[in-house]
Amino acid sequence: MPATPPASVPTATQAPAAAPGTPAGGATTPAKPRSAVVFGVIALVLIGLNLRAGITGASALLHDLQAVLGYGVLVAAIIPSIPTLCFALAGAATSWLTGRLGVEKAILLSLALLAGGLLLRGVPATGMLVAGSVVGMSGLAICNVAMPSFIREHFASRTSLMTAVYTVTMTTGGTLTSVAVVPLAHALGSPSAAVGAVGIAAVAAFLGFLPVALHAHRHTVRTTAGHVSPWPLLRTRKGQLLTAIFTLQALLAYALLSWFPYMLTTMGMSASDSGLMFGLMQLVSVPAGMVLIAIGARPRMLRPAFYLVSITMAVGIAALLVLPVALAAVPAVLLGFGLGIFPLVMVMISRSGTSTAETTALSTLAQSSGYLLATAGPFGMGLLHSATGGWSLPLGLLLALALVQIVVSHMITGPAMSGKPAERK
(Lines give C-alpha, C1' and ligand atoms only; values in the text may rest on other atoms or scores of the structure.)
Protein backbone atom coordinates (compact mmCIF):
# COMPACT_ATOMS: atom_id res chain seq x y z
CA MET A 1 0.00 0.00 0.00
CA PRO A 2 1.69 3.22 -1.07
CA ALA A 3 2.10 5.96 1.47
CA THR A 4 1.32 9.41 0.20
CA PRO A 5 2.09 12.77 1.70
CA PRO A 6 -0.71 14.93 3.00
CA ALA A 7 -2.86 16.10 0.14
CA SER A 8 -2.21 19.74 0.79
CA VAL A 9 0.25 22.19 2.23
CA PRO A 10 -0.07 25.88 3.10
CA THR A 11 0.15 28.41 0.29
CA ALA A 12 2.46 31.38 0.18
CA THR A 13 2.45 34.52 -1.93
CA GLN A 14 6.21 34.32 -2.19
CA ALA A 15 8.26 31.16 -2.22
CA PRO A 16 11.20 31.41 0.17
CA ALA A 17 14.15 29.10 -0.03
CA ALA A 18 13.47 25.54 1.05
CA ALA A 19 14.47 24.74 4.59
CA PRO A 20 14.55 21.66 6.77
CA GLY A 21 11.01 20.61 7.57
CA THR A 22 9.63 22.04 4.34
CA PRO A 23 6.88 19.78 3.04
CA ALA A 24 7.70 17.46 0.21
CA GLY A 25 7.20 18.58 -3.32
CA GLY A 26 8.81 21.96 -3.06
CA ALA A 27 5.94 23.71 -1.27
CA THR A 28 6.94 26.09 1.47
CA THR A 29 5.34 27.06 4.74
CA PRO A 30 5.07 30.74 5.64
CA ALA A 31 4.86 32.03 9.15
CA LYS A 32 1.54 30.96 10.62
CA PRO A 33 -0.83 33.44 12.28
CA ARG A 34 -0.50 33.40 16.05
CA SER A 35 -4.10 32.19 16.38
CA ALA A 36 -3.33 29.17 14.17
CA VAL A 37 -0.32 28.29 16.32
CA VAL A 38 -2.34 28.64 19.53
CA PHE A 39 -5.17 26.47 18.18
CA GLY A 40 -2.58 23.93 17.02
CA VAL A 41 -1.05 23.67 20.49
CA ILE A 42 -4.47 23.45 22.17
CA ALA A 43 -5.52 20.72 19.75
CA LEU A 44 -2.28 18.84 20.36
CA VAL A 45 -2.88 18.87 24.12
CA LEU A 46 -6.53 17.80 23.81
CA ILE A 47 -5.62 14.94 21.49
CA GLY A 48 -2.81 13.83 23.77
CA LEU A 49 -5.14 13.70 26.76
CA ASN A 50 -7.30 11.15 24.91
CA LEU A 51 -4.77 8.79 23.39
CA ARG A 52 -4.42 6.55 26.44
CA ALA A 53 -7.57 7.43 28.35
CA GLY A 54 -9.73 5.12 26.25
CA ILE A 55 -7.38 2.22 26.99
CA THR A 56 -6.65 2.77 30.67
CA GLY A 57 -10.27 3.57 31.44
CA ALA A 58 -11.31 0.06 30.40
CA SER A 59 -8.22 -1.61 31.88
CA ALA A 60 -8.95 -0.38 35.39
CA LEU A 61 -12.48 -1.83 35.16
CA LEU A 62 -11.85 -5.15 33.40
CA HIS A 63 -12.60 -7.16 36.53
CA ASP A 64 -15.85 -5.27 37.22
CA LEU A 65 -16.94 -5.33 33.55
CA GLN A 66 -16.52 -9.10 33.37
CA ALA A 67 -18.42 -9.58 36.63
CA VAL A 68 -21.34 -7.36 35.55
CA LEU A 69 -21.60 -8.31 31.87
CA GLY A 70 -20.78 -11.98 32.43
CA TYR A 71 -18.54 -12.65 29.44
CA GLY A 72 -16.18 -15.63 29.46
CA VAL A 73 -12.43 -16.21 29.46
CA LEU A 74 -11.99 -15.85 25.68
CA VAL A 75 -13.75 -12.48 25.52
CA ALA A 76 -11.82 -11.39 28.61
CA ALA A 77 -8.57 -12.09 26.73
CA ILE A 78 -9.78 -10.48 23.49
CA ILE A 79 -10.94 -7.13 24.93
CA PRO A 80 -7.48 -5.98 26.13
CA SER A 81 -6.05 -7.07 22.75
CA ILE A 82 -8.41 -4.90 20.68
CA PRO A 83 -6.32 -1.69 20.95
CA THR A 84 -3.11 -3.17 19.58
CA LEU A 85 -4.94 -5.17 16.89
CA CYS A 86 -6.81 -2.06 15.72
CA PHE A 87 -3.59 -0.04 15.87
CA ALA A 88 -2.04 -2.55 13.47
CA LEU A 89 -4.92 -2.88 10.98
CA ALA A 90 -6.38 0.63 10.97
CA GLY A 91 -2.93 2.18 11.39
CA ALA A 92 -1.80 0.49 8.18
CA ALA A 93 -4.41 2.49 6.24
CA THR A 94 -3.31 5.84 7.63
CA SER A 95 -0.81 6.62 4.86
CA TRP A 96 -3.51 6.08 2.24
CA LEU A 97 -6.04 8.08 4.27
CA THR A 98 -3.76 11.07 4.81
CA GLY A 99 -2.93 11.02 1.11
CA ARG A 100 -6.61 11.25 0.21
CA LEU A 101 -7.75 13.67 2.90
CA GLY A 102 -4.63 15.39 4.21
CA VAL A 103 -3.19 14.99 7.71
CA GLU A 104 -5.64 17.37 9.40
CA LYS A 105 -8.83 15.87 7.94
CA ALA A 106 -7.60 12.37 8.65
CA ILE A 107 -7.01 13.29 12.30
CA LEU A 108 -10.45 14.93 12.51
CA LEU A 109 -12.05 11.74 11.18
CA SER A 110 -10.05 9.66 13.66
CA LEU A 111 -11.28 11.79 16.55
CA ALA A 112 -14.89 11.34 15.40
CA LEU A 113 -14.39 7.56 15.40
CA LEU A 114 -12.70 7.70 18.80
CA ALA A 115 -15.49 9.73 20.41
CA GLY A 116 -18.25 7.63 18.86
CA GLY A 117 -16.63 4.34 19.83
CA LEU A 118 -15.93 5.34 23.43
CA LEU A 119 -19.48 6.62 23.92
CA LEU A 120 -20.83 3.35 22.46
CA ARG A 121 -18.97 1.40 25.16
CA GLY A 122 -21.28 3.00 27.70
CA VAL A 123 -24.12 0.70 26.60
CA PRO A 124 -24.13 -2.16 29.18
CA ALA A 125 -23.80 -5.10 26.79
CA THR A 126 -20.81 -7.24 25.82
CA GLY A 127 -21.43 -6.67 22.11
CA MET A 128 -21.45 -2.89 22.56
CA LEU A 129 -18.28 -3.04 24.65
CA VAL A 130 -16.50 -4.97 21.91
CA ALA A 131 -17.95 -2.94 19.01
CA GLY A 132 -17.28 0.38 20.72
CA SER A 133 -13.73 -0.68 21.48
CA VAL A 134 -13.11 -1.63 17.83
CA VAL A 135 -14.49 1.66 16.48
CA GLY A 136 -12.81 3.82 19.11
CA MET A 137 -9.45 2.08 18.92
CA SER A 138 -9.50 2.30 15.10
CA GLY A 139 -9.81 6.07 15.44
CA LEU A 140 -7.05 6.02 17.99
CA ALA A 141 -4.85 4.06 15.58
CA ILE A 142 -5.21 6.58 12.76
CA CYS A 143 -4.47 9.44 15.14
CA ASN A 144 -1.41 7.66 16.57
CA VAL A 145 0.17 7.19 13.15
CA ALA A 146 -0.74 10.63 11.81
CA MET A 147 0.47 12.67 14.81
CA PRO A 148 4.24 12.51 14.04
CA SER A 149 3.49 13.91 10.56
CA PHE A 150 1.20 16.57 12.04
CA ILE A 151 3.97 17.64 14.42
CA ARG A 152 6.52 17.66 11.61
CA GLU A 153 4.31 19.85 9.40
CA HIS A 154 3.03 22.30 12.00
CA PHE A 155 5.97 22.46 14.43
CA ALA A 156 8.98 21.64 12.24
CA SER A 157 11.38 23.77 14.30
CA ARG A 158 10.10 22.42 17.64
CA THR A 159 9.75 18.71 16.96
CA SER A 160 11.24 17.50 20.26
CA LEU A 161 9.33 20.06 22.37
CA MET A 162 5.95 19.37 20.80
CA THR A 163 6.51 15.60 20.83
CA ALA A 164 7.24 15.94 24.54
CA VAL A 165 4.06 17.98 25.07
CA TYR A 166 2.04 15.43 23.09
CA THR A 167 3.39 12.37 24.90
CA VAL A 168 3.28 13.97 28.35
CA THR A 169 -0.37 14.99 27.94
CA MET A 170 -1.13 11.51 26.60
CA THR A 171 0.34 9.92 29.72
CA THR A 172 -1.37 12.49 31.93
CA GLY A 173 -4.74 11.70 30.39
CA GLY A 174 -4.19 7.99 30.89
CA THR A 175 -3.10 8.51 34.48
CA LEU A 176 -6.04 10.71 35.45
CA THR A 177 -8.50 8.33 33.82
CA SER A 178 -7.10 5.23 35.50
CA VAL A 179 -7.29 6.89 38.91
CA ALA A 180 -10.74 8.45 38.46
CA VAL A 181 -12.64 5.75 36.54
CA VAL A 182 -13.13 3.31 39.45
CA PRO A 183 -14.62 5.95 41.80
CA LEU A 184 -16.68 7.20 38.83
CA ALA A 185 -18.03 3.69 38.25
CA HIS A 186 -19.02 3.47 41.92
CA ALA A 187 -20.69 6.90 41.76
CA LEU A 188 -22.62 6.02 38.59
CA GLY A 189 -23.36 2.50 39.78
CA SER A 190 -22.16 1.00 36.50
CA PRO A 191 -18.70 0.20 35.09
CA SER A 192 -20.15 0.49 31.57
CA ALA A 193 -21.35 4.03 32.23
CA ALA A 194 -17.90 4.95 33.52
CA VAL A 195 -16.02 3.67 30.45
CA GLY A 196 -18.59 5.38 28.24
CA ALA A 197 -18.11 8.68 30.04
CA VAL A 198 -14.47 8.71 28.89
CA GLY A 199 -15.83 9.52 25.43
CA ILE A 200 -16.83 13.00 26.56
CA ALA A 201 -13.17 14.03 26.58
CA ALA A 202 -12.82 12.67 23.02
CA VAL A 203 -15.73 14.88 21.94
CA ALA A 204 -13.84 17.86 23.40
CA ALA A 205 -10.73 16.86 21.41
CA PHE A 206 -12.80 16.69 18.20
CA LEU A 207 -14.22 20.16 18.81
CA GLY A 208 -10.78 21.49 19.74
CA PHE A 209 -9.21 20.17 16.54
CA LEU A 210 -12.02 21.39 14.28
CA PRO A 211 -10.58 24.94 13.88
CA VAL A 212 -7.21 23.45 12.88
CA ALA A 213 -8.82 21.26 10.21
CA LEU A 214 -10.92 24.16 8.91
CA HIS A 215 -7.87 26.44 8.73
CA ALA A 216 -5.96 23.78 6.80
CA HIS A 217 -8.89 23.29 4.41
CA ARG A 218 -9.18 27.01 3.68
CA HIS A 219 -5.48 27.79 3.33
CA THR A 220 -4.09 24.89 1.35
CA VAL A 221 -3.41 24.01 -2.26
CA ARG A 222 -2.77 20.68 -3.93
CA THR A 223 0.80 19.63 -4.55
CA THR A 224 2.26 17.03 -6.90
CA ALA A 225 4.71 15.66 -4.35
CA GLY A 226 5.95 12.10 -4.73
CA HIS A 227 4.99 9.45 -2.25
CA VAL A 228 6.89 6.84 -0.26
CA SER A 229 5.76 3.26 0.19
CA PRO A 230 6.14 2.12 3.81
CA TRP A 231 6.51 -1.63 3.25
CA PRO A 232 9.76 -1.59 1.19
CA LEU A 233 11.30 0.33 4.09
CA LEU A 234 11.15 -2.89 6.11
CA ARG A 235 14.10 -4.06 4.04
CA THR A 236 16.20 -1.14 5.27
CA ARG A 237 18.18 -1.13 8.49
CA LYS A 238 16.38 2.00 9.66
CA GLY A 239 12.94 0.53 9.03
CA GLN A 240 13.85 -2.73 10.76
CA LEU A 241 15.23 -1.07 13.87
CA LEU A 242 12.36 1.41 14.22
CA THR A 243 9.87 -1.44 13.84
CA ALA A 244 11.77 -3.61 16.36
CA ILE A 245 12.02 -0.97 19.08
CA PHE A 246 8.41 0.12 18.57
CA THR A 247 7.21 -3.49 18.72
CA LEU A 248 9.06 -4.27 21.93
CA GLN A 249 8.02 -1.12 23.80
CA ALA A 250 4.41 -1.47 22.62
CA LEU A 251 4.19 -5.14 23.61
CA LEU A 252 5.58 -4.45 27.06
CA ALA A 253 3.53 -1.29 27.54
CA TYR A 254 0.16 -2.68 26.49
CA ALA A 255 0.64 -5.95 28.32
CA LEU A 256 1.16 -3.88 31.48
CA LEU A 257 -1.48 -1.24 30.71
CA SER A 258 -4.04 -3.96 30.02
CA TRP A 259 -3.39 -6.27 32.97
CA PHE A 260 -1.49 -4.44 35.71
CA PRO A 261 -4.52 -3.45 37.85
CA TYR A 262 -6.24 -6.80 37.25
CA MET A 263 -3.00 -8.55 38.15
CA LEU A 264 -2.80 -6.76 41.49
CA THR A 265 -6.49 -7.46 42.16
CA THR A 266 -6.01 -11.21 41.64
CA MET A 267 -3.00 -11.05 43.97
CA GLY A 268 -5.22 -9.80 46.78
CA MET A 269 -5.23 -5.99 46.45
CA SER A 270 -8.55 -4.14 46.41
CA ALA A 271 -9.81 -2.71 43.09
CA SER A 272 -9.46 0.88 44.32
CA ASP A 273 -5.89 0.33 45.54
CA SER A 274 -5.03 -1.44 42.29
CA GLY A 275 -6.33 1.59 40.43
CA LEU A 276 -4.13 3.85 42.55
CA MET A 277 -1.06 1.72 41.79
CA PHE A 278 -2.01 1.81 38.12
CA GLY A 279 -2.25 5.57 38.32
CA LEU A 280 1.10 5.78 40.12
CA MET A 281 2.76 3.76 37.37
CA GLN A 282 1.46 6.12 34.71
CA LEU A 283 2.08 9.22 36.80
CA VAL A 284 5.77 8.35 37.04
CA SER A 285 5.94 7.94 33.28
CA VAL A 286 5.08 11.64 32.79
CA PRO A 287 8.26 13.16 34.29
CA ALA A 288 10.20 10.09 33.11
CA GLY A 289 9.45 10.89 29.49
CA MET A 290 10.47 14.53 29.97
CA VAL A 291 13.71 13.56 31.71
CA LEU A 292 14.58 10.99 29.06
CA ILE A 293 13.97 13.41 26.18
CA ALA A 294 16.16 16.00 27.96
CA ILE A 295 18.92 13.43 28.39
CA GLY A 296 18.61 12.07 24.86
CA ALA A 297 18.78 15.56 23.32
CA ARG A 298 22.29 16.08 24.68
CA PRO A 299 25.26 15.12 22.49
CA ARG A 300 26.14 11.41 22.70
CA MET A 301 23.49 10.83 25.39
CA LEU A 302 20.77 9.18 23.32
CA ARG A 303 22.19 5.69 23.88
CA PRO A 304 22.52 6.14 27.68
CA ALA A 305 18.90 7.36 27.74
CA PHE A 306 17.73 4.20 25.97
CA TYR A 307 19.90 2.04 28.24
CA LEU A 308 18.49 3.69 31.36
CA VAL A 309 14.83 3.30 30.42
CA SER A 310 15.17 -0.27 29.08
CA ILE A 311 17.12 -1.57 32.08
CA THR A 312 14.63 0.06 34.45
CA MET A 313 11.75 -1.68 32.66
CA ALA A 314 13.48 -5.06 33.10
CA VAL A 315 14.12 -4.41 36.80
CA GLY A 316 10.49 -3.34 37.28
CA ILE A 317 9.14 -6.56 35.75
CA ALA A 318 11.51 -8.60 37.91
CA ALA A 319 10.30 -6.71 41.00
CA LEU A 320 6.66 -7.37 40.09
CA LEU A 321 7.55 -11.03 39.73
CA VAL A 322 9.26 -11.50 43.11
CA LEU A 323 7.96 -8.82 45.49
CA PRO A 324 4.77 -9.28 47.56
CA VAL A 325 1.70 -7.32 46.51
CA ALA A 326 2.06 -5.10 49.59
CA LEU A 327 5.16 -3.60 47.94
CA ALA A 328 3.43 -3.03 44.59
CA ALA A 329 4.46 0.63 44.67
CA VAL A 330 8.07 -0.39 43.95
CA PRO A 331 7.40 -2.10 40.61
CA ALA A 332 4.78 0.57 39.82
CA VAL A 333 7.45 3.29 40.01
CA LEU A 334 10.05 1.28 38.10
CA LEU A 335 7.61 0.24 35.37
CA GLY A 336 6.33 3.80 35.12
CA PHE A 337 9.84 5.00 34.40
CA GLY A 338 10.22 2.20 31.87
CA LEU A 339 7.12 3.42 30.02
CA GLY A 340 8.98 6.68 29.45
CA ILE A 341 10.64 5.10 26.40
CA PHE A 342 7.62 6.00 24.25
CA PRO A 343 8.50 9.71 23.85
CA LEU A 344 12.06 8.76 22.84
CA VAL A 345 10.75 6.43 20.15
CA MET A 346 8.26 9.00 18.89
CA VAL A 347 10.97 11.66 18.61
CA MET A 348 13.07 9.25 16.57
CA ILE A 349 10.12 8.56 14.24
CA SER A 350 9.31 12.29 13.86
CA ARG A 351 12.92 12.98 12.86
CA SER A 352 13.46 9.82 10.83
CA GLY A 353 12.21 10.96 7.44
CA THR A 354 13.56 13.55 5.01
CA SER A 355 10.00 14.71 4.28
CA THR A 356 6.49 14.48 5.68
CA ALA A 357 5.75 11.63 3.25
CA GLU A 358 8.75 9.60 4.40
CA THR A 359 7.98 10.28 8.06
CA THR A 360 4.41 9.09 7.52
CA ALA A 361 5.71 5.98 5.75
CA LEU A 362 8.13 5.11 8.57
CA SER A 363 5.47 5.87 11.18
CA THR A 364 3.01 3.61 9.34
CA LEU A 365 5.56 0.82 9.06
CA ALA A 366 6.73 0.95 12.67
CA GLN A 367 3.32 1.39 14.26
CA SER A 368 1.18 -0.92 12.13
CA SER A 369 3.73 -3.75 12.10
CA GLY A 370 4.73 -3.09 15.71
CA TYR A 371 1.19 -3.08 17.06
CA LEU A 372 0.25 -6.20 15.11
CA LEU A 373 3.09 -8.10 16.77
CA ALA A 374 2.43 -6.38 20.11
CA THR A 375 -1.10 -7.82 20.17
CA ALA A 376 0.54 -10.99 21.49
CA GLY A 377 1.29 -9.09 24.71
CA PRO A 378 -2.15 -8.45 26.24
CA PHE A 379 -3.77 -11.46 24.52
CA GLY A 380 -0.98 -13.84 25.54
CA MET A 381 -0.93 -12.53 29.11
CA GLY A 382 -4.64 -13.27 29.47
CA LEU A 383 -4.47 -16.76 28.00
CA LEU A 384 -1.36 -17.75 29.95
CA HIS A 385 -2.88 -16.53 33.19
CA SER A 386 -6.06 -18.51 32.50
CA ALA A 387 -4.03 -21.61 31.62
CA THR A 388 -1.62 -21.50 34.56
CA GLY A 389 -3.72 -19.75 37.20
CA GLY A 390 -0.84 -17.41 38.03
CA TRP A 391 1.36 -14.64 36.66
CA SER A 392 4.84 -16.21 36.92
CA LEU A 393 5.05 -17.50 33.34
CA PRO A 394 3.54 -14.36 31.70
CA LEU A 395 5.85 -12.07 33.68
CA GLY A 396 8.86 -14.30 32.98
CA LEU A 397 8.25 -13.95 29.24
CA LEU A 398 7.84 -10.16 29.59
CA LEU A 399 11.18 -10.04 31.42
CA ALA A 400 12.86 -11.90 28.55
CA LEU A 401 11.44 -9.38 26.05
CA ALA A 402 12.63 -6.49 28.24
CA LEU A 403 16.16 -7.91 28.01
CA VAL A 404 15.84 -8.08 24.22
CA GLN A 405 14.77 -4.41 24.26
CA ILE A 406 18.09 -3.51 25.89
CA VAL A 407 19.93 -5.10 22.96
CA VAL A 408 17.77 -3.33 20.36
CA SER A 409 18.25 -0.04 22.23
CA HIS A 410 21.99 -0.46 21.74
CA MET A 411 21.55 -1.11 18.03
CA ILE A 412 19.09 1.68 17.27
CA THR A 413 21.29 4.35 18.82
CA GLY A 414 24.25 3.38 16.62
CA PRO A 415 25.28 4.52 13.13
CA ALA A 416 22.67 2.28 11.47
CA MET A 417 20.04 5.00 11.89
CA SER A 418 21.97 7.46 9.75
CA GLY A 419 21.39 5.57 6.52
CA LYS A 420 20.30 6.93 3.16
CA PRO A 421 16.88 8.46 2.67
CA ALA A 422 14.10 6.24 1.42
CA GLU A 423 13.77 5.90 -2.31
CA ARG A 424 11.07 8.03 -3.91
CA LYS A 425 8.50 6.38 -6.09
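The values are calculated or read from the model by the stated rules, or taken from the named source; none is laboratory data. What you see is a predicted model; the values in this text were computed from it and never measured. Don't worry about glycine lacking a Cβ; one is built from the backbone with ideal geometry, like all the others, and counts go over all protein chains shown. With ligands, DNA and RNA removed, areas are computed over all heavy atoms of the protein, side chains included. Shrake-Rupley method; radii C 1.70, N 1.55, O 1.52, S 1.80 Å.
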Discussion item. Just to be sure I understand, if you calculate Rg and Dmax of the Cα atoms in Å for this structure, which of (i) 44.4, 151; (ii) 20.7, 68; (iii) 26.7, 97 do you get?
Written reply: (ii)
Fill in: Exposure of Phe87 as accessible area (Å², to 10), given a probe of 1.4 Å and all protein chains
0 Å²
Worksheet item: If R0 is 41 Å, what FRET efficiency do you get for Met411 and Val41 from their C-beta distance, rounded to 0.05?
Response: 0.75
Worksheet entry | Cα-derived Rg over Rh, computed across the range 275-342 with Rh taken as Kirkwood radius | 1.03
Practice prompt. Calculate for the chain the 222 nm mean residue ellipticity that helices alone would give, adding -39,500 (n - 2.57) per DSSP H run of length 4 or more and normalising by residue count, nearest 500 deg cm²/dmol.
Written response: -24500 deg cm²/dmol
Fill in: Which of Ala67, Met263, Ala204, positive extreme of dipole for the chain (C-beta unit charges)
Ala204
Fill in: Ser392 accessible area, assembled protein chains, probe 1.4 Å, Å²
90 Å²
Worksheet item: Where nothing but the Cβ of Lys and Arg (+1) and of Asp and Glu (-1) is charged, how large is the charge dipole of the chain around its Cα centre, in debye to the nearest 20?
Response: 1280 debye
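Could you order the peptides 105-111, 380-386 from most to least packed, using the average number of other C-beta atoms within 10 Å per residue? If you can, show how the numbers build up before the last one.
Working: 105-111: 24.6, 380-386: 20.4.
The most tightly packed comes first, giving 105-111, 380-386.
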Worksheet item: How high is the relative contact order of the chain, in percent, counting Cα pairs under 8 Å that sit 6 or more residues apart?
Response: 27 percent
Worksheet entry | Cα-centre dipole for the range 146-286 with unit charges at Cβ (Lys and Arg positive, Asp and Glu negative), debye to 20 | 700 debye
Worksheet entry | Most to least packed among 230-241, 269-280 [average Cβ atoms within 10 Å] | 269-280, 230-241
Item to complete: Select from the chain the helices, each a whole stretch of DSSP H, whose alpha-carbon atoms run 24 Å or more along the helix axis and whose Kyte-Doolittle mean is at least -0.5; answer none if there are none.
Response: 34-50, 103-120, 126-154, 159-188, 199-218, 237-266, 271-296, 302-322, 356-374, 392-412
